[in-house]
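To keep things clear, I will list the structure first and then write my remarks on it.
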Amino acid sequence: MKIAIIGGGGTLGSCTAYTLALKGLSDELVLLDVNRNLALAHFMDITTAIVGIQNTKIRVGHDEDLNHSDIVIVVAGIPHASVSSHLEMLRANLSFMQDIIRKIETCCPEAIVITATNPVDSVNLGMFLLSTKLSRTQLLGYDLNDSLRFQQAVAMELGRNSTEVEALAMGEHVETLALIFSSVRVNKQPVTLSGEAKKRIKTEVPKMLRSYTELGINRTAGWTSASGISQMVESIATDSGKVFPCSAVLEGEYGYKGISMGVPVVLGKKGIGRIIELDLSQDEQKDLEQSARALETKALLVREFVSKNG
């Protein structure tokens with residue numbers, strides 16, 4: 001399997017490259033970055049780090065080295081510190097995606113594309129609308145971190161190990177996230193949480209990310225995302241059919257169309273096998289509705305960009 005990482009020299013790209021190489025999830029791993037020397041430094045370091053552990057062939061490439069990639073991981077984007085608003089970030093990163101999607105269509109139109117560039121829901125929708133060759137099942141917006149933080153918060157609340165807990169977050173990445181408490185399991189068994197416990201968890205989940213960003217180090221959660229992306233890659237590589245949350249373009253699922261939103265999907269070698277539609281409680285439906293409405297507003301901005309630049 002050949003995997004290409006666009007933005008492979010940055011924090012998230014390099015963390016992902018290391019994790020994939022260490023797990024041996026690809027035969028060939030290509031790093032692409034506008035800062036070629038930074039990508040080369042990570043290539044040299046990672047190549048040495050896996051000596052005696054894995055035989056992954058790693059290299060720093062150019063656009064043409066995307067050829068025949070099975071999976072493309074897109075983590076390139078404008079630095080958060082260089083933009084002053086969500087809208088400015090969206091427009092800047094859609095411009096990046098316009099160029100990236102053309103390269104993917106030219107070099108590897110059959111590839112599964114995992115995008116972690118923010119705002120990921122809007123960016124994933126933009127990639128779908130900008131593309132003339134890629135289906136929605138090939139385009140996965142990475143938002144697993146939301147569910148991981150939810151899982152972590154539930155484990156803390158219940159005093160359990162995180163490996164015992166399952167928990168799913170849906171909707172818009174970070175901003176209007178919907179925590180699906182009916183999905184919570186401990187050792188595979190459903191758990192009912194009190195209203196007070198739910199309130200504490202709803203406070204704790206956004207606090208986790210806020211506490212991280214308030215450190216002011218201008219660094220994304222590279223290791224968390226790398227771990228999650230590697231799990232998705234493994235499911236694709238092994239055609240496991242495992243269920244993951246990811247931002248997917250909807251065509252009627254959960255009653256919504258024309259947006260990309262975090263939902264549970266069956267993931268395999270062809271990308272999204274199907275979107276799973278859960279029976280949600282009334283409160284969960286309300287939270288998801290709020291999230292979808294926010295994404296519909298942002299989808300108008302995406303469509304405006306595509307109509308002018310597509």
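Observations, loosely collected:
- Residue tally, condition within 15 Å of VAL75 (Cα to Cα), part of a loop (DSSP other than H, G, I, E, B), touching a helix residue (DSSP H, G or I) at 6+ places or on another chain (Cβ under 9 Å) and not charged (D, E, K, R), over the stretch 1-46: 4
- For the stretch 125-179, the tally of residues that are within 30 Å of SER194 (Cα to Cα), more than 17 Å from the chain's Cα centre (by Cα) and surrounded by fewer than 22 Cβ atoms within 10 Å (Cβ to Cβ) stands at 13.
- Hits in the stretch 274-294 - residues which are touching a Gly at 6+ places or on another chain (Cβ under 9 Å) and in contact (Cβ under 8 Å) with a residue 40 or more places away in the chain: ASP287, LEU288, GLN290, SER291, ALA292, ALA294
- Here the strands (runs of 3 or more DSSP E) wholly within the stretch 214-310 that include at least 3 residues being at negative phi, open to solvent by less than 60 Å² (accessible area, probe 1.4 Å) and of a type in the set (A, V, I, L, M) are 242-251, 257-268.
- Any hit, the stretch 281-288, residues being among the small types (Gly, Ala, Ser) and in contact with a Ser or Thr (Cβ under 6 Å, 6 or more places away or on another chain): yes
- Looking across the stretch 61-88, just one residue is more than 22 Å from GLY271 (Cβ to Cβ) and open to solvent by less than 20 Å² (accessible area, probe 1.4 Å), and that is GLY61.
- Consider the stretch 118-134 and keep the residues that are free of Cβ contacts under 8 Å to residues at least 60 places away in the same chain and not hydrophobic (A, V, I, L, M, F, W, C). The one that is nearest to THR176 (Cα to Cα) is ASN118.
- Cβ-Cβ under 7 Å pairs, at least 6 apart or on other chains, the stretch 47-58 side closer than 11 Å to SER26 by Cβ, far side hydroxyl-bearing (Ser, Thr, Tyr) and in a loop (DSSP other than H, G, I, E, B): THR56/SER26
- Failed criterion for PRO206 (all others in (1) open to solvent by less than 30 Å² (accessible area, probe 1.4 Å); (2) more than 25 Å from MET97 (Cβ to Cβ); (3) part of a helix (DSSP H, G or I) hold): (1)
- Of all the residues in the stretch 11-48, those that are more than 24 Å from SER235 (Cβ to Cβ) and of a type in the set (A, V, I, L, M) number 6.
- Residue within the stretch 192-199 that is free of Cβ contacts under 8 Å to residues at least 60 places away in the same chain and either part of a strand (DSSP E or B) or touching a Phe, Trp or Tyr at 6+ places or on another chain (Cβ under 8 Å) (or both) present: yes
- Here is the figure for the stretch 270-280: residues that are β-branched (Val, Ile, Thr) and in contact with a Ser or Thr (Cβ under 9 Å, 6 or more places away or on another chain) total 1.
The values are calculated or read from the model by the stated rules, or taken from the named source; none is laboratory data. Please read all numbers here as calculations on a predicted model, not as lab measurements. So basically every Cβ, Gly included, is an ideal-geometry build from the backbone, and we count neighbours across all protein chains shown. Surface areas here come from the heavy atoms of the whole protein model, side chains and all, with no ligands, DNA or RNA. Shrake-Rupley method; radii C 1.70, N 1.55, O 1.52, S 1.80 Å.
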